[in-house]
1. Looking only at residues that are of a type in the set (Phe, Trp, Tyr) and under 24 Å from the mean Cα position of the chain (by Cα) in the range 100-150, which one is least open to solvent (accessible area, probe 1.4 Å)?
2. Do we have residue 29 as free of Cβ contacts under 8 Å to residues at least 12 places away in the same chain and farther than 23 Å from residue 243 by Cβ here?
3. Does at least one position in the range 32-42 carry a residue that is open to solvent by 70 Å² or more (accessible area, probe 1.4 Å) and more than 23 Å from residue 278 (Cα to Cα)?
4. Could you check how many residues of the range 64-116 are among the basic types (Lys, Arg) and in contact with a Pro (Cβ under 6 Å, 6 or more places away or on another chain)?
5. Would a scan of the range 102-121 turn up a residue that is assigned by the TED database to the domain that holds residue 159 and within 30 Å of residue 232 (Cβ to Cβ)?
6. Can you pull out the residues in the range 162-175 that are in contact (Cβ under 8 Å) with a residue 60 or more places away in the chain and among the hydrophobic types (A, V, I, L, M, F, W, C)?
7. Yes or no: residue 59 modelled with pLDDT under 90, part of a helix (DSSP H, G or I) and open to solvent by 50 Å² or more (accessible area, probe 1.4 Å)?
8. Please tell me if residue 210 is among the hydrophobic types (A, V, I, L, M, F, W, C) and surrounded by 14 or more Cβ atoms within 10 Å (Cβ to Cβ).
Amino acid sequence: MDQNQYKKPWAWTRTRKKDFAVDVFFHILLIAISMTCLLPFIHIFAKSVSREAYVIANKIFLVPKGINFDAYRKVLQDSSIVRSLYVSVIVTVSFTAIGTFLTISAAYALSRVQLKGRKIMTFLIMFTMYFTAGTIPDYLLMNDLHMLDTWWCMILPLSFAAYNFLIMKNNFKASIPDSLIESALIDGASHFKILSYIVVPLSKPIIATISLFYAVGRWNAYSDALFYIKQRVDLRPLQLKLYYLVVAASESFKAEGGLTAGQITNPEVLKASCIIFATLPIICIYPFIQKYFVQGTMIGAVKG
């Protein structure tokens, strides 16, 4: 006879209440953490569509006041914005493709125990995470390579990240069984075929995650273009173009003594609209790779 029926009802109820309390606590905690990421974005959006008088008076928190799209009109009326958007898309796609390819290739090669000297090469790659040359040596290197004012100065540097390599390498070691690789080698498959037809199809989640890291990092970066792009104005990416737009608005605003008579957009409002304008492309792309991103970030979190 089942002995569970002789258990007292209050014991089961107390456990149920405890579990319910724990669930409520973690739900509240996760909601609070989510709000710390969502509320700043809502605040910036509210500022970008509010009248400048309310923004200057610091009366905008989450709800816009006096709906006004002048800042967005100023951004879209600049014809060079479309060109900068095109440059950013080309640079981001190229950077992500090259970075992902290099990361996958290096991670697979250095995860194979048959490769001699793999520990030394891994150490040399990880060494760059802690020690870098600095901005001036980087600029001199770009100048010596004749890469200033070219597409490549925004694509090739930093296209291989040691941190992403470490994540990819650990994923290959944890999720791709050695017996599977050995079986393919016995059947006569080369490492190129193993990587193309076995490793890559089985690693789509982590590849999507690393690709997203590369894409977001490149899309948000503008400091390298600020240093390396001087003469070729047509090669300014979107982030750098918006940066110059905000700087120009700030200088005009100061020159007019802080008065906004309708012709000059307040820098704070323009800055908020630029942030929203630059963030929308990433927000539109993320839902399509969300499922892969969640799977990729969870790899190795639970040991089977």
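1. Within the range 100-150, the first condition is being of a type in the set (Phe, Trp, Tyr), and the residues that meet it are 101, 108, 123, 127, 130-131, 139.
Okay, now just the ones that are also under 24 Å from the mean Cα position of the chain (by Cα), so 101, 108, 127, 130-131.
Values: 101: 135, 108: 16, 127: 91, 130: 167, 131: 129 Å².
So, considering only residues that are of a type in the set (Phe, Trp, Tyr) and under 24 Å from the mean Cα position of the chain (by Cα), the one least open to solvent (accessible area, probe 1.4 Å) is 108.
2. yes
3. Yes; the residues of the range 32-42 include at least one that is open to solvent by 70 Å² or more (accessible area, probe 1.4 Å) and more than 23 Å from residue 278 (Cα to Cα).
4. Applying the first criterion (among the basic types (Lys, Arg)) to the range 64-116 yields 65, 73-74, 83, 112, 116.
Checking which are in contact with a Pro (Cβ under 6 Å, 6 or more places away or on another chain) leaves us with none.
Qualifying residue count for the region: 0.
5. Of all residues in the range 102-121, those assigned by the TED database to the domain that holds residue 159 come to 102-121.
Filter again for within 30 Å of residue 232 (Cβ to Cβ), leaving 102-103.
Yes: the range 102-121 contains one or more residues that are assigned by the TED database to the domain that holds residue 159 and within 30 Å of residue 232 (Cβ to Cβ).
6. We begin by selecting, within the range 162-175, every residue in contact (Cβ under 8 Å) with a residue 60 or more places away in the chain; these are 164-165, 168-175.
Passing the criteria: 165, 168, 172, 174.
7. Numbers: modelled with pLDDT under 90: yes; part of a helix (DSSP H, G or I): no; open to solvent by 50 Å² or more (accessible area, probe 1.4 Å): yes.
No; evaluated as a whole, the condition is false for this residue.
8. Numbers: among the hydrophobic types (A, V, I, L, M, F, W, C): yes; surrounded by 14 or more Cβ atoms within 10 Å (Cβ to Cβ): yes.
Yes, satisfied.
The values are calculated or read from the model by the stated rules, or taken from the named source; none is laboratory data. In this text, all values refer to a predicted model and were calculated from it rather than measured experimentally. Every residue, glycine as well, gets a Cβ built from its backbone with ideal geometry; the counts of neighbours run over all protein chains shown. Accessible surface is based on the protein model in full, side chains and every heavy atom, while ligands, DNA and RNA are left aside. Shrake-Rupley method; radii C 1.70, N 1.55, O 1.52, S 1.80 Å.
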